[in-house]
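Taking it in order: structure first as structure tokens, then the write-up.
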Amino acid sequence: MPSEDLQGETIELLRELIQCNTVNPPGNERPAIEHLERYLRDAGFETEILAAEPDRPNLVATLDGEGDGPVLVLLGHVDTVLADAGEWRHDPWSGEVTDGFLWGRGALDMKNQVAAEAVAAAALARQGWRPAAGALKLVFVSDEETGGDVGAHWLTATHPDKVRCDMLLNEGGGESFQFGGRRHYGVCCAEKGIFRFNLTAHGVAGHASLPRTGDNALLKLAPVLAALAQQPESFELTDGPAAFLRGLGQDPGDPSAALARIEAEDPRLRTLVEPMFGVTLTPTMTSASTKINVIPSRAQIRIDCRVPPGLGEEAVQRRIAHVLGDLAQPLAIEFTERVVGNGSTVESELMRAIERWISAHDPGAATVPVILPGFSDSRWFRDAFPECVAYGFFPQRHQTLLDAAPLVHNADERIDIRDLGFATGFYFDIIGELLG
Ligand SMILES: [Zn+2]
């Protein structure tokens, strides 16, 4: 099928999805999910809607092959974060196409991918294609942006047999970037863990009009904040980032030098890739006295801490010791969240198929593994089905990582319509290649 036709149909479907307001909370994803259900049923899919809450359903659309074989899931969430229309150049729920871009909340995260996956699969189904064996499943879910309690988490826990898979494609990677005169596409193979904690300093209360009467706990945090502002580089290199550096022709044994070269290429690129390499400590909240005229006997900073996949609390303790040194001694450290990051192997048939497609459709370009500093619904599938190879990949050739990353969750979210055709072509081809 000519890629222009796929692009036109993907633009249409993406516009319709953006016009369904699915800001979460509250989500209200039912109209978007039902629209996708009709679209895929008309193309020949068997469809089923599964819901923990009536207004927030999930869709499983299946095309079966003959007998046992690999199951490929194309995953996507249809909910979005909020948008303040006053900050946008175009209405965030219009799906307007202007200047070569399709505008709207969800145009990059991730109604774009949902539309591309659906159009590619529907085009194959309508022309009579079926998997040789196994199955193709499109799984479109609610509730990713607030954690998946009625979306992917619920679906994998409550109906594992309906969504069990060997290979999965989801969000989290695929934007291209230039390095060393070559275009690279990141394939997201892992996601960082979250180890949030509180740092608390103690002192003695007193009247604020007599500053020397007490022992001000808040002031004890000043050098701590200064140290957090001047953090040295952190390196806890896991498989994905090591393969990333090798893919860029850099030595994983000297990540500091590699980062300097990435910075020389473009400082914005360093900002986006450096968190992959180690533990990040980001102070985001503070509290101290509850009264303006009382010297606080207790003051607290809350730290949002992200840890490379597979690593745990020891890595965080190492990082705290490295950044704070003796300053950490008098502080109480209390973890409030401990989630170990998840990942899939970087060596797989799925990875090789993605690499082959990129070299065939963007000659001279290469793929490299990347890890997501946040997390996505891939986590629930990796937890439920440990054998499953799950990657984030939506190839964007024209709108680069540096262009796209600042628009996600921000005003004027938009996608280059040429990339809608490019990505839909990718899903169309990869489904055929993986399932025969
Ligand atoms: Zn998303």
Check your understanding: Which lysines does LYS291 reach when only Cα atoms under 21 Å apart count, and residues fewer than 8 places away in its own chain are ignored?
Key -> LYS220
Practice item. Could you tally the net charge around PRO363, taking each other residue with its Cβ under 14 Å from the Cβ of PRO363, Lys/Arg +1 and Asp/Glu -1? Key: +2
Study note, to complete from the structure: Lys and Arg at +1, Asp and Glu at -1: neighbours of GLY174 with Cβ under 10 Å from its Cβ sum to -2
Review point. Which of ILE358, ILE292, ILE49 moves the most in a Gaussian network model of the chain with Cα springs under 10 Å?
Key: ILE292
Exercise for review: Set the Förster distance to 35 Å, then compute FRET efficiency between GLN231 and GLU334 from the Cβ-Cβ distance, nearest 0.05.
Suggested key: 0.95
Review point. Exposure proxy check: CYS20, CYS188 ranked by fewest other beta carbons within 10 Å?
Key: CYS20, CYS188
Review point. Between LEU63, LEU221, LEU372, which gets the highest mean-square fluctuation from a Gaussian network model of the chain, Cα cutoff 10 Å?
Key: LEU221
Check your understanding: Taking the Cα atoms only, what angle lies between the long axis of helix 30-43 and the longest principal axis of the chain, rounded to 10 degrees?
Key -> 30
Study note, to complete from the structure: Expected vector for the stretch 425-434, Karplus 3J(HN,Hα) from phi with 6.51, -1.76, 1.60 and θ = phi - 60°, integer Hz, x for Gly and Pro, equals x, 4, 4, 4, 6, 5, 4, x, 5, 7
Point to revise | 0 to 90° range, to nearest 10: angle between helix 255-265 axis and the chain longest Cα axis | key: 70
**Study point:** GNM flexibility winner over the chain from TYR391, TYR39, TYR185 (Cα, springs under 10 Å)
**Key:** TYR39
Practice item. Sort HIS322, HIS184 so the one with the fewest other Cβ atoms within 10 Å of its own Cβ comes first. Key: HIS322, HIS184
**Study point:** Relative exposure of SER378, SER297, judged by other C-beta atoms within 10 Å (fewest first)
**Key:** SER297, SER378
Check your understanding: Hey, what do the phi angles of the stretch 318-327 turn into as Karplus ³J(HN,Hα) couplings, whole Hz, using 6.51/-1.76/1.60 and θ = phi - 60°, x for Gly and Pro?
Key -> 4, 5, 4, 4, 5, 7, 9, x, 5, 4
Point to revise | Taking the C-alpha atoms of the stretch 285-436, convex hull volume expressed per residue in Å³ | key: 183
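Bear in mind that the values in this text are calculations on the coordinates, not laboratory data. It should be emphasised that the depicted structure is a prediction, and the values quoted were computed from it without experimental measurement. Note: ideal-geometry Cβ built from the backbone for every residue, glycine included; neighbour counts use all protein chains shown.
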